[in-house]
Amino acid sequence: LSFYIVSRLVPDGQDSISSSIGLFGGRDGNYIALGGDSMGNLQTLVYHEVSHAIDYKLSGNVDQNYMDSAWSALNPQGFYYSWSYQANAADPSWDYVYSAFDNSQEAYFIDKYSKSFPTEDRARIMEYAMGMYPGSGYFTSSHLLEKLEYISWAIRAGFDTQGWPETVWWERPLNAF
């Protein structure tokens, strides 16, 4: 996996994000490009993009948007990802999105962006578990904790973890409650 810092990332294709600051890609999932204009977010950006690389590896190097029935069951009943960055951006619904100001609804997603694709959902969870915890309240949501638990299980099942500590950095929220 190679990292490239580029001056900026330019949208490519109809469903591209207009303001991308990071990108995982390549024919064999072999690079991460980081926009040089986003260095203030570098740490969490790296966590997010590495999560996409992990998804790619766990899918057998086929599709980082894998979604099995177990992952699907972690979402609200009747929920469907938009499967489009543009459709997600146009959707006015903030249902099931975490809000520090309104706890009247259970949170299943870190933010609205998480509702675009399964891989973005997982990447946001990993980004915040790695870079924002414990300084955020996201993991007070039992649903977000369940998703993090699933991600941790998938990583431990899919990689050689010999020599890893009992609790790795992103698993800290799982041991806090």
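The values are calculated or read from the model by the stated rules, or taken from the named source; none is laboratory data. These numbers were taken from a predicted model, which means no experiment stands behind them. Virtual Cβ from ideal backbone geometry, glycine too; neighbours counted across all protein chains shown. Ligands, DNA and RNA are excluded from the accessible area calculation, which covers all protein heavy atoms including side chains. Shrake-Rupley method; radii C 1.70, N 1.55, O 1.52, S 1.80 Å.
Tell me which helices (runs of 4 or more DSSP H) are completely within region 85-177 and hold 1 or more residues being within 26 Å of Tyr56 (Cβ to Cβ) and open to solvent by 60 Å² or more (accessible area, probe 1.4 Å), or say none if there are none.
Working: elements: 85-90, 118-131, 142-158.
Result: 85-90, 142-158.
Can you name the number of the only condition in (1) modelled with pLDDT of 90 or more; (2) within 30 Å of Phe159 (Cα to Cα); (3) open to solvent by less than 50 Å² (accessible area, probe 1.4 Å) that Ala73 fails?
(3)
Every residue in region 42-65 that is crowded, with 16+ Cβ neighbours inside 10 Å and at pLDDT below 75, please.
Gln64, Asn65 - these are the residues of region 42-65 that are crowded, with 16+ Cβ neighbours inside 10 Å and at pLDDT below 75.
What pairs come up if the first residue lies in region 67-84 and is in a loop (DSSP other than H, G, I, E, B), the second is among the basic types (Lys, Arg), and their beta carbons are under 7 Å apart, counting only those six or more places apart or on different chains?
Taking only residues 6 or more apart or on different chains, the pairs are Leu74/Lys147; Tyr81/Lys115; Ser82/Lys115.
Considering Ser142, Ser116, which residue is among the small types (Gly, Ala, Ser) and within 21 Å of Thr44 (Cα to Cα)?
Working: Ser142 fails: within 21 Å of Thr44 (Cα to Cα).
Going through Ser142, Ser116 in turn, just one is among the small types (Gly, Ala, Ser) and within 21 Å of Thr44 (Cα to Cα): Ser116.
Restricting the search to region 4-22, which residues are at pLDDT 65 or above and touching a helix residue (DSSP H, G or I) at 6+ places or on another chain (Cβ under 8 Å)?
Across region 4-22, the qualifying residues are Ile5, Val6, Ser7, Arg8, Gly22.
What are the pairs, 6+ residues apart or on separate chains, where a residue within region 143-161 that is farther than 25 Å from Tyr96 by Cα and modelled with pLDDT under 95 has its Cβ under 9 Å from a residue that is among the charged types (D, E, K, R) and in a helix (DSSP H, G or I)?
Note: pairs meeting the criteria are Gly158/Lys57; Phe159/Lys57.
Taking interchain pairs and intrachain pairs at least six residues apart, which have beta carbon atoms under 6 angstrom, with the first residue in region 122-137 and at negative phi and the second open to solvent by 30 Å² or more (accessible area, probe 1.4 Å) and among the charged types (D, E, K, R)?
Short answer, once both residue conditions are applied: Tyr133/Arg172.
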